[in-house]
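Accompanying notes for the structure given below.
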Amino acid sequence: MDTDAPPPRNDDNGLPEDLTGLEHADGTREEYEALWQMLRQSDEATDAAFSPDDAWGDLSERIDPSPPSPAPNRRASDRSARQRASDSAPRRLRRWRAVAGVAVLIALAVGVGLWAARPVAVETAQGEQRTVTLPDGSVAELNGATTITYPRGFTSLPWIGHEARQVTLQGEAFFAVEPAARSFQVDTDNARIDVHGTSFNVRMRNRAERPVTEVTLASGQVQVQVRGASESSSVRLDEAGVQSRVIGRHDPTPPEPVDADQASAWRQGGFAVRNAPLPDVLRDLEAQFGVPIRLGVPAVRTDSMTLHYRRVDRLESVLRDIALVQDMQYRKLNNGYELIPLDDSSSESP
């Protein structure tokens, strides 16, 4: 029966007595004894005599004194690039928003400038009357077939005023001008009226292919001159109830007294003309009442007229008087009236 082999016997130094297995090795007995003693040391003694951490640290310092940089992490680099792109996108967006905001402000400023530079025009049709309050608080009452034009806010550009409060008139209007440091100016086709806080009536009509402007003063004072001419030829009106005319390009007529109520009778629903050719009288009636009136005879066969009605209830009342003075008759048409000779057999007197 097999039995276990006896354990090896050791000498006093703890070295096995039988070293025959090492007899052919290269080391000496003393070296093997030292090796065996080291192997027999306890783990605690070995740990105390030898520190792996210190050994690795010493080895690392001898290999590369500077700590090695960590190897690049591709995923981290990708994330960093994406983060930079993500951060730059809002910056580009904010930059474009700022540029767009500046562009909008510039466009808005240009639009406001163009809007402010456009003049205001108010027009009345034939038979229509209208009151307009101007930017300075002055008031203009417009008769029929009249157009008034003025700079918006009486400025050439936003917040930049003209030297004068300038108005252009085609037709007839009564002005009540507020006093101000800047003069008030009314331009017609052939005349200019300069004012400093005044009320007055201006009538501009084309008479026989040439413009005629009548200025009648109600209060204050005005200066009348040919448009574009020097002030040396101007006429000053400084008494209520005086009138001056600019006919064509001729100098203004000297002031002459007139009935102020007659000059602005249209404001109370009346009608008035003074020494006006019949064709002009009919044009004024058309403008004020909005009814076409045709002259069925040559103008040279008619006479100038002076008329004053404080109030006109029926246009036919005026036509009847005109026909009586002019030795004519009138007839009603589908779209208005016509003045014809008395001996016209094609029609009957109304």
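In nm, what is the difference between 0.36 nm times the number of residues separating Val122 and Thr149 and their Cα-Cα distance? Before the final figure, lay out the partial values.
On the way: separation 27, 0.36 × 27 = 9.72 nm, distance 0.65 nm.
Full extension from Val122 to Thr149 adds 9.1 nm.
Alpha carbon centre of the stretch 189-248 versus the stretch 260-285: separation in Å?
With the stretch 189-248 and the stretch 260-285 each reduced to a Cα centre, they are spaced 17 Å.
What is the Å³ per residue value for the convex hull set by the Cα atoms of the stretch 172-294?
Numbers: hull volume 13.0 nm³, N = 123.
Enclosed volume per residue, from the Cα hull, is 105 Å³.
Taking K and R as +1 and D and E as -1, what net charge do the other residues with C-beta under 14 Å from the C-beta of Glu128 add up to? Let's see the in-between values first.
Details: positive: Arg130, Arg267; negative: Glu123, Glu141, Glu172, Glu286.
Local charge sum for Glu128: -2.
Please name whichever of His308, Pro298, Leu339 sits farthest to the positive end of the charge dipole of the stretch 297-344, dipole taken about the Cα centre and charges placed at Cβ: Lys and Arg +1, Asp and Glu -1.
Highest projection toward the positive end goes to His308.
Provide the FRET efficiency to the nearest 0.05 for the Val300-Leu93 pair, computing r from the beta carbons and using R0 = 56 Å.
Numbers: r = 81 Å, r/R0 = 1.44.
The pair Val300/Leu93 has a calculated efficiency of 0.10.
Just subtract the alpha-carbon distance of Ser232 and Glu178 from 0.36 nm times their residue separation and send over the number in nm, one decimal.
Taking 0.36 nm per residue and subtracting the Cα distance, the gain is 16.8 nm.
How large is the dipole of the stretch 176-308 about the Cα centre if only Lys and Arg carry +1 and Asp and Glu carry -1, each at its Cβ, rounded to the nearest 20 debye?
Details: 15 positive and 17 negative charges, 84 e Å.
So the magnitude is around 400 debye.
Write out the GluC sites (Glu not before Pro) in the stretch 268-350 meeting two conditions: DSSP loop, and at most 15 other Cβ atoms within 10 Å of their Cβ.
On the way: sites: Glu286, Glu316, Glu338, Glu348; in loops: Glu348.
Hits after loop and neighbour filter: Glu348.
How do Phe174, Phe289, Phe200 rank by accessible surface area computed with a 1.4 Å probe, from largest to smallest? Walk me through the numbers before you get to the answer.
On the way: Phe174 25, Phe289 60, Phe200 0 Å².
In descending accessible area the options line up as Phe289, Phe174, Phe200.
Using the Cα gyration tensor of the stretch 182-229, with a ≥ b ≥ c the square roots of its eigenvalues, what is the shape: rounded (a/c below 1.5), prolate (a/b larger than b/c) or oblate (neither)? Don't skip to the end; give the middle numbers.
Working: a/c = 2.97, a/b = 1.65, b/c = 1.81.
Here the stretch 182-229 falls in the oblate category.
Give the peptides 223-230, 330-337 in descending order of average Cβ contacts within 10 Å, highest first. Each step should come with its number before you reach the end.
Working: 223-230: 17.1, 330-337: 13.8.
Highest-to-lowest ranking by the protection proxy: 223-230, 330-337.
Leaving ligands, DNA and RNA out of it, rank His308, His250 by accessible area with a 1.4 Å probe, largest first. Mind dumping the intermediate values first?
Details: His308 70, His250 120 Å².
Ranked from most to least accessible, the order is His250, His308.
With each pseudo-label sitting 7 Å past Cα toward Cβ, what's the Asp321-Thr131 distance in nm, one decimal?
My value for the distance between the label points is 2.6 nm.
Rounded, prolate or oblate: which fits the stretch 142-230 when a ≥ b ≥ c are the square roots of the eigenvalues of the alpha-carbon gyration tensor, with rounded for a/c under 1.5 and prolate only if a/b beats b/c?
Working: a/c = 1.65, a/b = 1.42, b/c = 1.17.
Here the stretch 142-230 falls in the prolate category.
The values are calculated or read from the model by the stated rules, or taken from the named source; none is laboratory data. The model shown is predicted, which means the values in this text are computed figures rather than measured ones. All Cβ positions, glycine included, derive from the backbone under ideal geometry; neighbour counts span all protein chains shown. Calculation scope for accessible area: heavy atoms of the full protein, side chains included, ligands and nucleic acids excluded. Shrake-Rupley method; radii C 1.70, N 1.55, O 1.52, S 1.80 Å.
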